[in-house]
1. State the extension gain, in nm to one decimal, for the chain segment bounded by Glu417 and Tyr27, taking 0.36 nm per residue of separation less the distance between their alpha-carbons.
2. For labels at Thr294 and Lys253 in the simple 7 Å Cα→Cβ model, what's the distance in nm?
3. Please sort 176-187, 369-380, 111-122, 303-314 by packing, taking for each peptide the average over its residues of neighbouring beta carbons within 10 angstrom, highest first.
4. Per residue of the stretch 311-326, in order, report the coupling 6.51 cos²θ - 1.76 cosθ + 1.60 (Karplus, θ = phi - 60°) as ³J(HN,Hα) in whole Hz, putting x for Gly and Pro.
5. Mind ordering 211-223, 39-51, 392-404 by average Cβ neighbours within 10 Å, highest first?
6. State whether the stretch 172-271 is rounded, prolate or oblate according to the following rule on the C-alpha gyration tensor (a ≥ b ≥ c being the square roots of its eigenvalues): a/c under 1.5 gives rounded; otherwise a/b larger than b/c gives prolate, and the remaining case gives oblate.
7. What length, rounded to one decimal in nm, is gained on full extension from Asp320 through to Leu272, with 0.36 nm per residue of separation minus their alpha-carbon distance?
8. With +1 assigned to the C-beta of every Lys and Arg and -1 to the C-beta of every Asp and Glu, and no other charges, what is the dipole magnitude of the stretch 121-274 about the Cα centre in debye, to the nearest 20?
Amino acid sequence: MPKSIENIPLLDDQKKKQYTFTLWQKYTSCRWQVGITAALAMSCSILLRLNMTMVVVCMTPGNLTLAVSQNGTEITIRDPYLPLPGPSNTSFDRHSNGAFCPDEGGLEPCGTQLLSNWAPLHERAQMMSITEQANSIGGIGNFILSGFICNIPVLGGWPFIFYIFSGINMVAMILWLFLVYDKPSKHPWIKPAEVDYINSHRTKSHDKPLVVPWFKMMTSGPVWACVLGYVTSGTLFMVMAVCLPLYIEQVLKFDVATNGLVSALAFVGRFLGALVFGYLSDWIFTKRLLSLITIRKTCHATGLLGSIPIILGISFLGQDDQRLAVVLMTLYWFTLTCMNSGFRVNPADIAPRFAGVICGMCVFLNSVVSLFVPMVVTALTPNGTADEWQIVFYGCVGVSVVGTVVFLVLASAKEQEWAKDPEMDKDVVIKVTGSNNHAFDVDSVCSQNSSYSFK
């Protein structure tokens, strides 16, 4: 027997404790304050990321001119502070969409690692999905507000998109500085009961500098399942979100203000999907209806494959099917969001200590791919016709199928051996005796949640 058996926190770590929270207590807790603040930061970041999306649509000749009165006669002149409209300028704006993707490159890995430290296992899919889907809130705000901002009769309206959204980001940064802390143990006003709840429902590790096992990580199939799942999602996002206003303008023929509202509806579907599927996946896990890996793979495949018939339906619609197109685009995003309870939550399953590092890899590769997606879309839609956009949508189908197969083959929900903390050895074999002097191994003792004395 070990010299000091009291120093082995094995029984305390594995006891099944019961915690009960009302909805009010849950969503006003410190862990959810951190999660909601992270969500706010994500949503504000997407405001900047999507700026060029609506600016490209707003920079039309009508928004580059001014109506003035000269000698009692109304005339129209070009705004001297704005560039001349032309193919070169429009082409630069369309091709530059991808260049704005890396602006939140450091935020997403930070948010993933942060929530890996704060999210109990039973709330992990909800918290991470809602935080990630804060992008949808940012997208909703961007498209709705941009459509109206473009109508400001000064400088064409669209420059104010940059000014207003940058100010909102400053507010979010200030809130982050005051409300977000790395770990529960560092939070100044968190209650001990909540710290105990978080620590008893997540993988523990010692507070020490991490040594990243780069070789084992880079050769891990489950890691690449997460990375390629992220790239799949990012590619579809760039096509269906960043390029969406162009499709709405060119094929469905909506005006600028209506374009913003319609584009926002797609993000409403995305946000609602995050709420529904995040809660559903956590509920299924809590009820032990499916194993964790089955939940992750099912959600991922359902989101990608379930959205294929919808996008195929969209590809056959035109100007006469405006309402149906709006409904299907919203439904597409609602369904696709189910995949976030698969790949996006998965880094915290397979390597909670390195979830931020894995997410950083995902963001980097996704940013590289995102640089080329608008270029490919532009090349495929030189005239902006429905037939040309149909090719783009068929490409999305191919991306969805490949992304599904890769994740189903490579993904895992078990914490990888290389990711475990060597100082937190939970495989210690000890013997415990009860009043009848029978010996039990520790797993059966803990599962019975009984009191035993060490002999």
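Quick note: the coordinates plus some simple rules give every number you see, no bench work behind them. Everything quoted here is computed from the prediction, not taken from an experiment. Glycine gets a Cβ as well: all are built from the backbone with ideal geometry, and neighbour counts include every protein chain shown.
1. Working: separation 390, 0.36 × 390 = 140.40 nm, distance 3.36 nm.
Stretched fully, the Glu417-Tyr27 segment lengthens by 137.0 nm.
2. Between Thr294 and Lys253, the label points sit 5.1 nm apart.
3. Details: 176-187: 14.5, 369-380: 18.1, 111-122: 22.2, 303-314: 20.2.
Final packing ranking: 111-122, 303-314, 369-380, 176-187.
4. Karplus-based 3J(HN,Hα) across the stretch 311-326 equals 5, 5, x, 4, 5, 9, 9, x, 4, 6, 10, 4, 5, 4, 4, 5 Hz.
5. Working: 211-223: 15.0, 39-51: 23.1, 392-404: 18.0.
Top of the packing list down: 39-51, 392-404, 211-223.
6. Working: a/c = 3.33, a/b = 1.68, b/c = 1.99.
In terms of gyration-tensor shape, oblate.
7. Working: separation 48, 0.36 × 48 = 17.28 nm, distance 2.75 nm.
In short, 14.5 nm is gained.
8. Details: 10 positive and 8 negative charges, 90 e Å.
The dipole magnitude comes to about 440 debye.
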